[in-house]
1. Is there any pair linking a residue in the stretch 65-93 that is at positive phi to one that is more than 14 Å from the ligand (Cβ to nearest atom), with Cβ under 6 Å and at least six apart or on different chains, and which?
2. Go through the stretch 111-124 residue by residue and tally those that are surrounded by fewer than 18 Cβ atoms within 10 Å (Cβ to Cβ) and touching a helix residue (DSSP H, G or I) at 6+ places or on another chain (Cβ under 9 Å).
3. Would you confirm whether or not the stretch 135-149 contains a residue that is in a helix (DSSP H, G or I), surrounded by fewer than 21 Cβ atoms within 10 Å (Cβ to Cβ) and within 15 Å of the ligand (Cβ to nearest atom)?
4. Of everything in the stretch 5-16 that's in a strand (DSSP E or B) and within 14 Å of the ligand (Cβ to nearest atom), which residue is surrounded by the fewest Cβ atoms within 10 Å (Cβ to Cβ)?
5. Only residues that are within 16 Å of residue 330 (Cβ to Cβ) and out of contact with any helix residue (DSSP H, G or I) (no Cβ under 8 Å at 6 or more places or on another chain): list them for the stretch 288-320, please.
6. From 328, 305, grab the single residue that is surrounded by fewer than 22 Cβ atoms within 10 Å (Cβ to Cβ), under 28 Å from residue 128 (Cα atoms) and in contact with a strand residue (DSSP E or B) (Cβ under 8 Å, 6 or more places away or on another chain).
7. Within the stretch 78-110, track down each residue that is within 15 Å of the ligand (Cβ to nearest atom), surrounded by 20 or more Cβ atoms within 10 Å (Cβ to Cβ) and closer than 23 Å to residue 328 by Cβ.
Ligand code: ADP
């Protein structure tokens, strides 16, 4: 999965580079900066002393010392001053410049904290949106594994409005499900009562072969086998006029995995991968269910994950990264592979 949101302490992440939300002196501070210097040891501070500071929105790179990463990229986020002082542009620049350095140093993987969202006071939901927007557009052009590290996970990481809309969407569907379950029970009781003057028809009788219909033998039944998941995926990519890379990047799916799916007509994706492709292809709810069925999955109202996916599809929001932010906020698995 090229872009992953994870809950962790960034100093524990094993990857090529971690990004530090530093201050302009680069001489250490509190929050994630303090944690990184503490875990890296004194060598990091000595190297930082030679860098001559760093301007807001810019980035500089050092070694990782005792950290489980090769490099630390130090970037200085903007202080929040109400939002009309170029904060957004400066924060975008932090992510862009850090990714540029990571690329220059041939990093295959990089981990970011939520820059500026601590002591510098940038509100978390818009800070996360800036991060996701810049990182996802970088990943459209570049191959890299990027971790967005959330330290203090709370619902406010996505906007309050989106969170409460999804929450009530989930609540409504759960209510439906319970109502459905009650109806089912009532129906079951009715079915068990004796019926007078009526033949009770077995629910499956309609689909049983009649004498006139010849039952299919196994060989001919197998001859009518449907299009597979990967065949449907490739057909849909063509129909939508997309290139393969546009599709797998939009799906947050790794290039290597996509080649595997492309070359194996019987490939069995995980549910999160199958849905990621349905989202990238902007399929309707019905088409999504069809595609999922080909991979042996369904969408139901019996779990939050499925309802959240349904919420985004019915609202025609096909941004995998936004969906992942919401899934993360509701403690669900993320889309992609
Ligand atoms: P800033 O000064 O840029 O606001 P902070 O370090 O105060 O930087 O906070 C930036 C973000 O880093 C906050 O969301 C905070 O929760 C998070 N954070 C703090 N410690 C860690 C850590 N060890 N790993 C990952 N994220 C962390």
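1. Within 6 Å, the pairs are 65/41; 65/43; 65/44.
2. Qualifying residue count for the region: 2.
3. Taking every residue of the stretch 135-149 in turn, none turns out to be in a helix (DSSP H, G or I), surrounded by fewer than 21 Cβ atoms within 10 Å (Cβ to Cβ) and within 15 Å of the ligand (Cβ to nearest atom).
4. For the stretch 5-16, the residue satisfying everything is 7.
5. Of everything in the stretch 288-320, those that are within 16 Å of residue 330 (Cβ to Cβ) and out of contact with any helix residue (DSSP H, G or I) (no Cβ under 8 Å at 6 or more places or on another chain) turn out to be 303, 306, 315.
6. It is 328.
7. 91, 94, 95, 98, 110
Okay, residues lined up against (1) outside any helix (DSSP H, G or I); (2) closer than 24 Å to residue 306 by Cβ:
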residue	(1), (2)
233	no, yes
236	no, yes
245	no, no
259	no, no
262	no, no
266	yes, no
269	yes, yes
272	no, yes
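Read the figures in this text as sums done on the coordinates, not as results from a lab. Note that the structure is predicted; figures quoted are calculated from it, not measured. Every residue, glycine among them, receives a Cβ derived from its backbone with ideal geometry; neighbour counts consider all protein chains shown.
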